[in-house]
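The values are calculated or read from the model by the stated rules, or taken from the named source; none is laboratory data. If you're wondering where the values come from, they're calculated on a predicted model, not measured in any experiment. Here the Cβ positions follow ideal geometry from the backbone for every residue, glycine too, while neighbour counts run over all protein chains shown. Only protein heavy atoms, including side chains, enter the accessible area calculation; ligands, DNA and RNA are left aside. Shrake-Rupley method; radii C 1.70, N 1.55, O 1.52, S 1.80 Å.
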Amino acid sequence: MVAYRRNRVAGGTYFFTVTLQDRTSTRLVEHMVELRPTLRSVMRERPFRIDAMVVMPDHMHAVWSLPPGDDDYAGRWRLIKSRFTRSLVRAGVKMLKNEKGEYDLWQRRYWEYTIRNESDLVRHVDYIHFNPVKHGLVTRVCDRPHSTFHHYVKAGIYPLDWAGVVDEHKGGFGE
């Protein structure tokens, strides 16, 4: 078994990409009514701050800050993934099981990156908020409902027309 190395910084700030197994799925946005309370319940039990987040049809990007002395983001993601899956099962959503008999909703691994400084944080928050445009889901960042962008606008951090309108005939941003 491969030992994955994660950078664990107590009280750190991290960027995450968490993805569904089926990259053509739209379950995350179809089931926001289950995802939101799942996130809230984990945040109550294992506090952390969501600095930025966007929910796409098949994946999520987030920046979290953990409390001082705490580096267990893995436990929080495990709770979120398992509780969301169970909430879908309770709602009657049909899901495949893998060879171990586990529901095959999520990719096992996720991308984690430790934010190093303020400019690094700004770049990752911008990436999160621009992601729906990059994937062609909207032409303006403000048109994506499942994003913390709207909180940033209310706080005066971004203008409503941040990043403008992307002309799909002129190409786009790459990863």
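Observations on the model:
- Peptides 54-67, 34-47 ordered by average Cβ neighbours within 10 Å, highest first: 54-67, 34-47
- Accessible surface calculations at 1.4 Å, restricted to protein heavy atoms, place the chain at 58 Å² per residue.
- The C-alpha radius of gyration of the chain, expressed as a fraction of 2.2 N^0.38 Å, stands at 1.07.
- Applying the Karplus relation 6.51 cos²θ - 1.76 cosθ + 1.60 with θ = phi - 60° to segment 38-54 yields 3J(HN,Hα) values of 4, 4, 4, 5, 5, 5, 5, 7, 10, x, 7, 10, 8, 7, 7, 6, 9 Hz, where x marks Gly and Pro.
- Rg/Rg_globular for segment 71-122, with Rg_globular taken as 2.2 N^0.38 Å and Rg from C-alpha atoms: 1.53
- Overall dimensions of segment 1-102 as given by Cα atoms, namely Rg and Dmax in Å: 14.4, 40
- Karplus 3J(HN,Hα) series, Hz, for segment 97-114 with 6.51 cos²θ - 1.76 cosθ + 1.60 (x for Gly, Pro): 10, 7, 5, 8, x, 8, 5, 9, 7, 9, 5, 5, 9, 8, 8, 10, 9, 7
- Residue 9 paired with residue 91, simple spin-label distance in nm, labels 7 Å along Cα-to-beta-carbon: 3.5 nm
- Fully extending the segment from residue 65 to residue 160, taken as 0.36 nm per residue of separation minus the present Cα-Cα distance, adds 31.7 nm.
- Per-residue ³J(HN,Hα) for segment 116-128, Karplus 6.51 cos²θ - 1.76 cosθ + 1.60, θ = phi - 60°, Hz, x for Gly and Pro: 9, 6, 4, 5, 5, 4, 4, 4, 6, 5, 4, 4, 4
- Accessible area in the full protein assembly, largest first, 1.4 Å probe, for 6, 140: 140, 6
- Linear extension gain, residue 32 paired with residue 123, 0.36 nm per residue minus alpha-carbon span: 30.2 nm
- In the chain, the DSSP-assigned H stretches of four residues or longer account for a calculated mean residue ellipticity at 222 nm of -10500 deg cm²/dmol, using -39500 (n - 2.57) per stretch and the full residue count as denominator.
- For residue 59, the residues whose amide H sits under 5 Å from its own are 20, ignoring neighbours fewer than 5 places away on the same chain, with H placed 1.01 Å from N.
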